[in-house]
Amino acid sequence: MTSAARGREALVALCRARLSATWPRLGLALAAVLVALQAAGALVLRAADGPRFFAEGIVAKALGIHLLLVAVPLSLRAAAGPARLRVEPALVAMARQRGLQAHLGQALLRASISVTLRRTLTAPLVLALALAPLTLPDAHALGRRLAVLAGVLSAGALAAAALTSAAFLLGKLAPRAPRGALVVALALSAALALSDTTRPASPIGAYLSLVDAIVAHAPE
């Protein structure tokens with residue numbers, strides 16, 4: 001790795017540390033509590049329905065909760081990413097010192113996506129790993145369930161990354177009111193997702209349709 005590449009990675013790491021320290025955690029804590037309650041409910045379903053209980057739906061709901069309570073608030077912060085270049089003197093100073101000022105926006109985007117993915121996916125991933133063994137002793141169902149759960153988590157990762165990227169894009173297109181623009185975009189997408197006719201034109205609708213298609217392959 002060249003010195004320039006190491007400098008860029010150091011800049012991304014610094015951005016990631018700054019975001020991790022300053023971004024809100026209230027939604028994350030609430031989402032984690034709700035997932036814990038879901039896990040308790042899953043044990044009840046396992047006792048009632050046996051090893052083929054609907055674990056995939058539980059994980060999909062947990063992921064939806066994290067997208068709503070964690071990824072969306074973080075994306076609202078990320079929408080101000082371009083403006084943050086003017087209010088983070090430590091980042092600007094480091095980038096200027098290493099000749100990387102032109103890479104600061106990209107570093108913030110990469111760090112934002114990284115932090116959002118980690119905070120959005122960690123609890124649903126832990127839940128998925130905890131619920132999957134409850135499929136036993138049906139080994140065939142376990143393999144199928146793991147594949148479906150991996151698909152659900154991948155869809156969530158794609159949604160979280162796309163949401164953060166869209167927030168940064170809106171931050172550049174609407175620098176005076178980036179968060180307002182993102183709220184309007186999310187509201188419009190949610191409205192389009194309510195109708196089967198307009199659902200394919202909605203990013204939220206596309207995500208929900210993708211998850212439904214993946215979950216449909218769960219063991220019966």
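The values are calculated or read from the model by the stated rules, or taken from the named source; none is laboratory data. As the structure is a computational prediction, the values presented were derived from the model and not from experiment. Backbone-built Cβ (ideal geometry, glycine too); neighbour counts: all protein chains shown. Ligands, DNA and RNA are excluded from the accessible area calculation, which covers all protein heavy atoms including side chains. Shrake-Rupley method; radii C 1.70, N 1.55, O 1.52, S 1.80 Å.
Scan the stretch 171-183 and give yes if some residue there is outside any loop (DSSP other than H, G, I, E, B), under 13 Å from residue 72 (Cβ atoms), at pLDDT below 95 and open to solvent by less than 40 Å² (accessible area, probe 1.4 Å), otherwise no. Yes, there is a match, as at least one residue in the stretch 171-183 is outside any loop (DSSP other than H, G, I, E, B), under 13 Å from residue 72 (Cβ atoms), at pLDDT below 95 and open to solvent by less than 40 Å² (accessible area, probe 1.4 Å). Summed over the stretch 1-37, the residues that are acidic (Asp, Glu) and open to solvent by less than 30 Å² (accessible area, probe 1.4 Å) give a count of 0. Scanning the stretch 133-157 for residues that are touching a helix residue (DSSP H, G or I) at 6+ places or on another chain (Cβ under 8 Å), touching a residue at least 40 places away in the same chain (Cβ under 8 Å) and either closer than 15 Å to residue 110 by Cβ or open to solvent by 70 Å² or more (accessible area, probe 1.4 Å) (or both) yields a count of 2. Sub-9 Å Cβ pairs linking a first residue in the stretch 89-104 that is over 16 Å from residue 16 (Cα atoms) to a second residue that is exposed (fewer than 11 other Cβ atoms within 10 Å of the Cβ) and at pLDDT below 70, at least 6 apart or interchain, are 98/3, ordered by first then second residue. Within the stretch 44-59, the set of residues being farther than 23 Å from residue 156 by Cβ, without any contact (Cβ under 8 Å) to a residue 40 or more places away in the chain and surrounded by 12 or more Cβ atoms within 10 Å (Cβ to Cβ) is empty. When residue 165 is tested against the conditions (1) in a helix (DSSP H, G or I); (2) touching a residue at least 60 places away in the same chain (Cβ under 8 Å); (3) not basic (Lys, Arg), the lone failure is (2).
Return the residues of the stretch 16-71 that are among the basic types (Lys, Arg), assigned to a helix (DSSP H, G or I), over 23 Å from residue 211 (Cα atoms) and under 18 Å from the mean Cα position of the chain (by Cα); say none if nothing qualifies. If the condition is that a residue be among the basic types (Lys, Arg), assigned to a helix (DSSP H, G or I), over 23 Å from residue 211 (Cα atoms) and under 18 Å from the mean Cα position of the chain (by Cα), then 16 is the only one that fits.
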